[in-house]
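**Student:** Sharing a structure with you now.
The values are calculated or read from the model by the stated rules, or taken from the named source; none is laboratory data. Here the structure is a predicted model, which is why all the values come from computation and not from measurement. Cβ atoms come from the backbone with ideal geometry, glycine included; neighbour counts cover every protein chain shown. Accessible surface areas use protein heavy atoms only, side chains included; no ligands, DNA or RNA. Shrake-Rupley method; radii C 1.70, N 1.55, O 1.52, S 1.80 Å.
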Amino acid sequence: MRKPIIAGNWKMNKLLSDAKGFVADVKNNVPSSDSVDAIICAPYPFLYELVKETEGTDLKVAAQNMHYEESGAYTGEVSPAVLKDLGVTHVVLGHSERREMFNETDETVNKKAHAAFNYGLLPIVCVGETLEQREANQTMDLVAAQVKKALDGLTEAQVKETVIAYEPIWAIGTGKTATSEQANEVCTHVRKTVAEAVSADAADAVRIQYGGSVKPANIDELLQQSDIDGALVGGASLEADSFLKLVEAGK
Ligand code: PEP
């Protein structure tokens, strides 16, 4: 049985006071991490405070990106060593907004996945197609290629701990959710890709999230699907009540 994983991606939203208020409302109300992983992916400047505020609770804190080098002349970047030092547990890699706007590539995602494991962080690797690619029937090949490149060179044990977020770009922040069948079809393909590229055991263990306009009203149906183990949620993770409903659905 794979443990469900619900991650809220705040993107570039909230001020520190809002973030702390959210965490104060949520941290003692999330279900036990024995039943579901509840994670907030916060902007870098909040991480130190939020990790401190959530210590000893079942709410985990993730970063939304990182560099792959430990240190050096990379002005404006944040290293995996720093995230680990702060107590961050997970890091989102290759979100479509970073691929589209900040030159993230499959190659940098792969380097970052290796760096995450080297520093004891768990990667949430995002993959997904544009509307144009879906309409051209390229979804399966494209997503399989993204998955293979992201995982390239990781050990079987590392792949088992990786989280893959399938996020069709046309469904992110648009209010258009893929139907649960559409979402599951691609998640099944992701699992098959992991089986072929790594092993059947790795495919069985890897957790696959769906992301794209997930909200309390549609999460139950998505989580009932055979290959969807959780959700990466943007807009609907910004309010404490809504995030708690999403996490409860994962329980
Ligand atoms: C996301 O940020 O990864 C996302 C899926 O956003 P939204 O839930 O707002 O579509």
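**Student:** If we count every other residue with Cβ under 13 angstrom of Thr89's Cβ, Lys/Arg +1 and Asp/Glu -1, where does the sum land?
**Tutor:** Taking every other residue near Thr89 into account, the sum is -3.
**Student:** Express the carbon and sulfur contribution to the solvent-accessible surface of segment 25-162 as a percent, rounded to the nearest whole number, probe 1.4 angstrom. All intermediate terms of the calculation are to be shown ahead of the outcome.
**Tutor:** Working: 2900 of 6430 Å².
Within segment 25-162, the accessible surface is 45 percent carbon and sulfur.
**Student:** As an exercise, use a Förster radius of 25 Å and the Cβ-Cβ distance of Lys192 and Asp220 to find the FRET efficiency, rounded to the nearest 0.05.
**Tutor:** 0.50
**Student:** Moving to a separate point now. Test of understanding: extend the Cα→C-beta vector of Ala136 to 7 Å, then name every residue of segment 161-202 with backbone N under 16 Å from that spot.
**Tutor:** Only 169-170 pass the distance filter.
**Student:** Setting aside same-chain residues fewer than 8 positions from Lys149, which lysines have a Cα under 22 Å from its Cα?
**Tutor:** Those lysines meeting the cut-off are Lys111, Lys112, Lys160, Lys192.
**Student:** Continuing with the same structure: So what is the 222 nm mean residue ellipticity for the chain from helices alone, if each DSSP H run of at least 4 adds -39500 (n - 2.57) and you divide by all residues, rounding to the nearest 500 deg cm²/dmol?
**Tutor:** The helix contribution divided over the chain gives -13000 deg cm²/dmol.
**Student:** Treating cross-link reach as a plain straight distance, find the aspartates and glutamates whose alpha-carbon is under 16 Å from the alpha-carbon of Lys52, omitting any fewer than eight places away in the same chain.
**Tutor:** Here the aspartates and glutamates satisfying the reach criterion relative to Lys52 are Asp18, Asp25, Asp85.
**Student:** Per residue Cα convex hull volume for segment 35-171, in cubic angstrom? Mind dumping the intermediate values first?
**Tutor:** Details: hull volume 17.1 nm³, N = 137.
Taking only Cα atoms, segment 35-171 has a hull volume of 125 Å³ per residue.
**Student:** At a Cα cut-off below 23 Å, give the lysines reachable from Lys245, other chains included and same-chain residues fewer than 8 away excluded.
**Tutor:** Lys3, Lys11, Lys14, Lys20, Lys27, Lys60, Lys176, Lys215
**Student:** Continuing with the same structure: How many times 2.2 N^0.38 Å is the alpha carbon radius of gyration of segment 5-250?
**Tutor:** Taking N as the residue count of segment 5-250, the ratio is 0.93.
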